[in-house]
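Colleague: Here you go, one structure.
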Amino acid sequence: MKLLAALDQQLRDLDAQSLTRRLRVVETPCAPRMTVDGRELLAFASNDYLGLAAHPAIAAALREGTELYGTGSGASHLISGHSRAHAQLEERLAKMQNAHLESAKALYFCTGYMANLAVLTALGASADAEIFSEALNHASLIDGARLAKAQVTVYPHADLDALAARLQASRATVKLVVTDSVFSMDGNLAPLPQLLALCEQHDAWLVVDDAHGFGMLGARGHGALEHFGLRSPNLVYVGTLGKAAGVSGAFVAAHASVIETLVQRARPYIFTTAAPPALAHALLTSMDLIEGSEGVQRRAHVQSLVARLREALRLRHWRALPSDTAIQPIVIGANEDALRAGAALYEQGLWVPVIRPPTVPAGTARLRATLSAAHTHADIDRLAAALNGLEKELT
Ligand SMILES: *Cc1c(COP(=O)(O)O)cnc(C)c1O
């Protein structure tokens, strides 16, 4: 059949550019030591930054949640799927962001991808709106901007002057500046205080995607707004619950009128089955851990791991990006070279994902090591020694 032949040709073209991606089957819970395709590996590959994805207290809460609420929600939120567990979680999440927003409310979503589509399509619903999107934004923000009726302007990475000029020139009646807080493939932070000042000056929303900050940044783990001590009615906050929080889903926290707009208008909220209430119930325990002394200890441990890795790396050709977060990328350059490095690590029993275009710009293929509170100092030493040795061998 011609259709299949065309697909196979496209797949061969990807392969010729070293762009084929491969699924690996994990047989054990998410943890530093994983059994993958039958082999035990030391993994630096998850976004489980606090090591909560297999935490016994959250697992017990999930079991309790299924006893209380069963397995399925049965319907979308606006039909009959909105359970007490969802409502309790939303109240808790709103309280966590309360210091940073005015009239804070929160809305729970099945995934961060959907939360971002919801915010951008609902707030950018009019052709008179304009979305100002940071160049390194996550794919879900890019797709949300594409799906919105608003005009889209991409501004260069962290370039406040360029953004200011574009805001100044805009005739749009609704302006949305949209940014990751922690850039997912680089690990650095967006200049949120300066971005917020610009947004207030130009009467624009500032949509902050804190997928990699929620649970990790701020003294109580409340995320990027706590970290920077921000407060403004212009803020629309998106946090995800499948990364540091160790479960699944996401939430938007913002002024009650923004949340009500999402409930009334956002198609990725309205036209999908609500996540299992048991997940929301389990997330209440996850929030206890994040805000409590265990969260404080786990965040401090991750910081000590980051410092140890950065001190131990002795790279001359490869480039460890300047990141203070759990995301530690090492830029290698060409796709084939990055793949070779990833394969050599794998041979040594280390799993560090190789990130290639289009996820990152061409010529900046990289290893993206992510650290977790479940890693030990010895794990970090093993990673650093392997990277230092491989760089000598392969460059
Ligand atoms: C992971 C991620 C998302 C998507 O969240 P999911 O809950 O995994 O769908 C959105 N934005 C950023 C920056 C992310 O890293």
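Colleague: Looking only at segment 309-341, count every residue that is over 30 Å from H55 (Cβ atoms), basic (K, R) and in a helix (DSSP H, G or I) and tell me the total.
Modeller: Counting residues in segment 309-341 that are over 30 Å from H55 (Cβ atoms), basic (K, R) and in a helix (DSSP H, G or I) gives 1.
Colleague: Looking at this structure, is S286 hydroxyl-bearing (S, T, Y) and more than 16 Å from the ligand (Cβ to nearest atom)?
Modeller: No.
Colleague: Mind listing whichever residues of segment 275-308 are of a type in the set (G, A, S), closer than 28 Å to A75 by Cα and part of a loop (DSSP other than H, G, I, E, B)?
Modeller: The first filter runs over segment 275-308 and keeps only residues of a type in the set (G, A, S), leaving 275, 278, 280, 282, 286, 292-293, 295, 300, 304, 307.
Of the ones still in play, those that are also closer than 28 Å to A75 by Cα are 275, 278, 280, 282, 286.
If the condition is that a residue be of a type in the set (G, A, S), closer than 28 Å to A75 by Cα and part of a loop (DSSP other than H, G, I, E, B), then A275 is the only one that fits.
Colleague: Across segment 356-385, what is the number of residues that are among the hydrophobic types (A, V, I, L, M, F, W, C), within 25 Å of M216 (Cβ to Cβ) and modelled with pLDDT of 95 or more? If you could, list the steps in order and put the result at the bottom.
Modeller: Here is the first cut: in segment 356-385, the residues among the hydrophobic types (A, V, I, L, M, F, W, C) are 360, 362, 365, 367, 369, 371, 373-374, 378, 380, 383-385.
Next cut, within 25 Å of M216 (Cβ to Cβ) only: 360, 367, 369, 371, 373-374, 378, 380, 383-384.
Adding the requirement that they be modelled with pLDDT of 95 or more leaves 367, 369, 371, 373-374, 378, 380, 383-384.
Here the count works out to 9.
Colleague: Hey, among the residues in segment 83-100 that are in contact with a strand residue (DSSP E or B) (Cβ under 6 Å, 6 or more places away or on another chain) and in contact (Cβ under 8 Å) with a residue 60 or more places away in the chain, which one's farthest from the ligand (Cβ to nearest atom)? Please lay out each step first, then the result.
Modeller: To start, the set of residues in segment 83-100 that are in contact with a strand residue (DSSP E or B) (Cβ under 6 Å, 6 or more places away or on another chain) comprises 86, 89-90, 93-94, 97-98.
Those still in the list that are in contact (Cβ under 8 Å) with a residue 60 or more places away in the chain too: 86, 89-90, 93-94, 97.
On the way: H86: 16, L89: 15, E90: 16, L93: 14, A94: 19, Q97: 17 Å.
Only one residue fits best here, namely A94.
Colleague: Being more than 16 Å from the ligand (Cβ to nearest atom), of a type in the set (S, T, N, Q) and touching a Gly at 6+ places or on another chain (Cβ under 9 Å) is true for just one of S126, S80, S140. Which residue is that?
Modeller: Details: S126 fails: touching a Gly at 6+ places or on another chain (Cβ under 9 Å); S140 fails: more than 16 Å from the ligand (Cβ to nearest atom).
Every option except S80 fails the conditions.
Colleague: Sticking with this one: Does R319 qualify as being of a type in the set (D, E, K, R), outside the structural domain of Y108 (by TED's automatic domain parsing), in contact with a helix residue (DSSP H, G or I) (Cβ under 6 Å, 6 or more places away or on another chain) and surrounded by fewer than 20 Cβ atoms within 10 Å (Cβ to Cβ)?
Modeller: It is false that R319 is of a type in the set (D, E, K, R), outside the structural domain of Y108 (by TED's automatic domain parsing), in contact with a helix residue (DSSP H, G or I) (Cβ under 6 Å, 6 or more places away or on another chain) and surrounded by fewer than 20 Cβ atoms within 10 Å (Cβ to Cβ).
Colleague: Suppose we keep only residues that are β-branched (V, I, T) and touching a residue at least 12 places away in the same chain (Cβ under 8 Å) within segment 1-40. Which one would you say is surrounded by the fewest Cβ atoms within 10 Å (Cβ to Cβ)?
Modeller: Filtering first and then ranking leaves V25.
Colleague: State whether one or more residues within segment 8-21 are in contact with a strand residue (DSSP E or B) (Cβ under 6 Å, 6 or more places away or on another chain), at pLDDT 95 or above and either in a loop (DSSP other than H, G, I, E, B) or not assigned by TED's automatic domain parsing to the domain that holds P357 (or both).
Modeller: Checking segment 8-21: not a single residue is in contact with a strand residue (DSSP E or B) (Cβ under 6 Å, 6 or more places away or on another chain), at pLDDT 95 or above and either in a loop (DSSP other than H, G, I, E, B) or not assigned by TED's automatic domain parsing to the domain that holds P357 (or both).
Colleague: Going by what's in this entry, would Y269 be described as within 16 Å of the ligand (Cβ to nearest atom), more than 20 Å from S181 (Cβ to Cβ), of a type in the set (S, T, Y) and crowded, with 19+ Cβ neighbours inside 10 Å?
Modeller: For Y269, the condition - within 16 Å of the ligand (Cβ to nearest atom), more than 20 Å from S181 (Cβ to Cβ), of a type in the set (S, T, Y) and crowded, with 19+ Cβ neighbours inside 10 Å - is met.
Colleague: So C30 ticks every box in (1) of a type in the set (A, V, I, L, M, F, W, C); (2) in a loop (DSSP other than H, G, I, E, B); (3) farther than 26 Å from V252 by Cβ but one. Which box is left unticked?
Modeller: Failed condition: (3).
Colleague: Let me ask you something else. Would you check if L313 is under 18 Å from A378 (Cβ atoms) and crowded, with 19+ Cβ neighbours inside 10 Å?
Modeller: Considered against the rule, which asks whether it is under 18 Å from A378 (Cβ atoms) and crowded, with 19+ Cβ neighbours inside 10 Å, L313 comes out as no.
The rows are residues; the columns are (1) surrounded by 13 or more Cβ atoms within 10 Å (Cβ to Cβ); (2) assigned to a helix (DSSP H, G or I).
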position	(1), (2)
A54	yes, no
I58	yes, yes
L62	yes, yes
E67	no, yes
I79	no, yes
A85	yes, yes
Q88	yes, yes
L93	yes, yes
E102	yes, no
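Colleague: When you go through (1) in a helix (DSSP H, G or I); (2) away from the ligand (no atom under 15 Å from the Cβ) one by one for V119, which number turns out not to apply?
Modeller: (2)
Colleague: Looking only at segment 27-60, count how many residues are at pLDDT 95 or above and either under 23 Å from the mean Cα position of the chain (by Cα) or on the phi > 0 side of the Ramachandran plot (or both).
Modeller: Looking only at that region, the number is 23.
Colleague: All but one of (1) within 24 Å of the chain's Cα centre (by Cα); (2) assigned by TED's automatic domain parsing to the domain that holds M216; (3) of a type in the set (D, E) hold for E67; which doesn't?
Modeller: (1)
The values are calculated or read from the model by the stated rules, or taken from the named source; none is laboratory data. Quantities reported herein were computed from a predicted structural model and do not represent experimental measurements. Here the Cβ is made from the backbone with ideal geometry for all residues, glycine too, and neighbour counts use every protein chain on show.
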